[in-house]
Structure formats: structure tokens, C-alpha cells
Amino acid sequence: MKSNRAEHNAAALKRVTRWLMLTSLAAGLAACAYAKPNPTNPAFQGQGSPTDPYSTRLGGDAGLFTLGVSKDRGDSSGGGGGGIGVNAFLWRGALDTLSFLPLTSADPFGGVIITDWYSPADAPGERFKATAYILGRELRSDGIRVSVFRQVNQGGRWVDAPVSSVVQADIENKVLDRARKLREASGQS
């Protein structure tokens, strides 16, 4: 009697399992009916691509990188047109200026560049980190803010140390100088 009941339970379990699998499969297939196809043209190569009419390249068509500048609108600010949310010259200038530091995060839409800690070879007991904020779409002196952080090694522990405001201002000036040179190289005034 026990084996009959066990067989009956096993058969019932098999039917329930099969029913659940079929129901799940049917629900999954029904859900596919509500999916929409991808509207993106397969030939689309993205903003800043060679086929993008709203971008210009430094160094001609074979340039090193694209700056988002609209040719149609006469936009000479260097911001916006190519998918970047801030001034492209300041953005590239900040990346170039801070390139000696390892990059942790770069958000071109929010205009924030965050670096990781870096210890110079001539001063292994201290390390530096920087965060750059691009604050607008125009190439202006108040369009960039750089925060520099410094730590010194004391007994195997990294301790925060002050950074001269001159250092931060010097980095901001180098970013502005690089951004101006990039703008001149692109042929914009």
C-alpha cells in the first residue's frame, strides 16, 4: 500500500511539475508579445562618429578626438553638441592636465573627473588625489574648479594633510591654458 501511495504521489508531482513548466513557458512567450523592437538604426555609429554631422574633429577628419560642436548652429562654446554636457575644451583640458594621475571616474555629462591616489617617485611618503569640476558650457575662468587632496604616511597610516590653495589655482590655470590651446587648434575663436 505504501509503494502504491508513493507511486501515486510521484506521478502527481510529475504532473504538477510539468504543468508549472508549461505555464511558465506560456507566460514567457506571452510576455514576448509586448516587447518592442529596438528603434535604433543598425547603421547608427553614435555621436562623434565620422558620420555625425554635428561634430568636428581636431586635426581634420582623421583627428585624435571629437569635440561636440554644432556646425549648423554656429556654436563656438565647445559645449553640448556631441553628447557632452559641459564645455568640451575644458573637459579635454582637465583630462590632459590630470593625466599623470590614475583616473577613477569621468562623467562628461555631469562634468566631474575623479582621480585615484598617486605617490610621486621622489616623495613616496605622501600621495595626492584630485577632483575636477567643469561648471558650465562656456570656456571661462570660472568654469573649472579643482580640489586637490594630500595625505602623508605616518607610522604606516595615511593621514590627511593640508594642500596649498596655490596648488589648486595652478592646476586650474593649467587646465584653462590647455583648453584655450585646444580651442585655437580647432580653428574656433
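Every number here is computed from the coordinates shown, using simple stated rules; none is lab data. Note that the structure is predicted; figures quoted are calculated from it, not measured. Reconstructed Cβ throughout: ideal geometry from the backbone, glycine too, with neighbour counts over all protein chains shown.
Side notes on the structure shown:
- Taking the criterion of being surrounded by 14 or more Cβ atoms within 10 Å (Cβ to Cβ) and within 19 Å of Trp91 (Cβ to Cβ), the residues of the stretch 141-171 that qualify are Gly143, Ile144, Arg145, Val146, Val148, Gln168, Ile171.
- Qualifying positions in the stretch 93-125 - part of a strand (DSSP E or B) and in contact (Cβ under 8 Å) with a residue 12 or more places away in the chain: Leu103, Thr104, Val112, Ile113, Ile114, Thr115, Tyr118
- Entry remark, the stretch 149-162: residues being in a strand (DSSP E or B), touching a residue at least 12 places away in the same chain (Cβ under 8 Å) and not polar (S, T, N, Q) number 5 in total.
- Subset of the stretch 126-148 (residues that are in contact with a Lys or Arg (Cβ under 9 Å, 6 or more places away or on another chain) and part of a helix (DSSP H, G or I)): Gly143
- Selection of the stretch 97-116 for residues being surrounded by fewer than 15 Cβ atoms within 10 Å (Cβ to Cβ) and more than 14 Å from the chain's Cα centre (by Cα) yields Ser99, Phe100, Pro102, Asp116.
- Any hit, the stretch 119-138, residues being of a type in the set (Ser, Thr, Tyr) and surrounded by 19 or more Cβ atoms within 10 Å (Cβ to Cβ): no
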